[in-house]
Amino acid sequence: MSEQQNDPLIIAGRSFQSRLLIGTGKYRDLEETRLAIEASGAEIVTVAVRRTNLGQNPDEPNLLDVISPDKYTILPNTAGCFNAEDAIRTCMLARELMDGHDLVKLEVLGDQKTLYPNVVETIKAADVLVRDGFKVMVYTSDDPIVAKELESLGCVSIMPLGSMIGSGLGILNPHNINVIMEDCKVPVLVDAGVGTASEAAFAMEMGCEAVLMNSAIAGARNPMLMASAMRKAIEAGREAYLAGRMPRKKYASASSPMEGTIVSK
Amino acid sequence: MLIQVNGDSLDVQEGASVADLIEQLGLGERRVAVELNLEIVPRSRHANTKLSEGDRVEVVHAIGGG
């Protein structure tokens, strides 16, 4: 128990109790967003940065009024950026928006159909952002060579996809994620692809430092209940990882003693 | 004078500052970030940063995203 309690997630020198990071997209409204985040226990919450709709009602509630930066670590993302330049501009705007807070989630996408990371543009953007003082948590493919390159540029966390964003297909190449974890010293998080609680637990049992998800919760029939399920799955998976699973054996090994059984013949 | 705000043309008073623009847009109370001709204008400089004809301004805020 003490091992579990004293087991913080450390990113860019900051310490977090929760290993579940969640997005704020695709919810029905801000109230559902708030309730799901509360149920998830997440401390790091991603947001997108978009042009302010100039025609809108100025009294309309603002996401950051509901998800207060005093209570949560806000992680602005560069979702929707398809080249390094747009991603860098978005991060600059995000830093200004968050009063100098410099932790960002970098994602540069390849195309609309797959939302697969464009790793060439991602590497370009990461290089500029790290030099500019940003703490970059980077969304990338499950390519170990690219992951290593992003780490050597100074990214504070490597976040390979489990499968395509919003697909809910789970972790399709756990072997690559394992290689990335072996090679990288900064925290490796699975970002994208997790569809249900067992997949989140699986990622944590593999030894991932945390999981970032959005659609699995927002797209559930009952997002609050799924947020709670994910919280437990992440905790269970982490504890199982720390506990160390039993070795797999080819044949049975009885749990009850074989001596003293009654025998007819 | 005409400037571009978030891709649309907007008429602002000659000599208006970024702070005046934010006020004109009814965003005075909101948490927004401003970029002027690709450079960030920190909140502390909104009042003394003057706009010029043809300036390109981006005004952004945080919304839900993963």
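Every number in this text was worked out from the coordinates using simple rules, so none of it is lab data. Since this is a predicted model, take the numbers as computed values, not measurements. Please note: Cβ atoms are built from the backbone with ideal geometry, for glycine as well, and neighbour counts cover all protein chains shown.
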Enclosed volume per residue, in Å³, of the convex hull spanned by Cα atoms of chain A: 170
What Kirkwood hydrodynamic radius, in Å, does chain B give when the mean of 1/r is taken over all pairs of distinct Cα atoms and then inverted? 12.1
Express the relative contact order of the stretch B:2-61 as a whole percentage, based on alpha carbon pairs under 8 Å and six or more residues apart in sequence. 48
Can you tell me which aspartates and glutamates have their Cα less than 13 Å from the Cα of residue A:105? Leave out same-chain residues fewer than eight positions away. A:191
Ratio for the stretch A:97-206, C-alpha Rg to 2.2 N^0.38 Å, reads 1.04
Would you mind checking the pairs A:135/B:50; A:124/A:148; A:185/A:250 and listing those with alpha carbons more than 26 angstrom apart? A:135/B:50; A:185/A:250
Electrostatic dipole magnitude of chain B [Cβ: Lys, Arg +1; Asp, Glu -1; Cα centre; debye, to 20]: 320
Under the Karplus relation with 6.51, -1.76 and 1.60 and θ = phi - 60°, whole-Hz ³J(HN,Hα) for the stretch A:64-75, x at Gly and Pro, equal 6, 7, 8, 9, 6, x, 6, 9, 10, 7, 7, 10
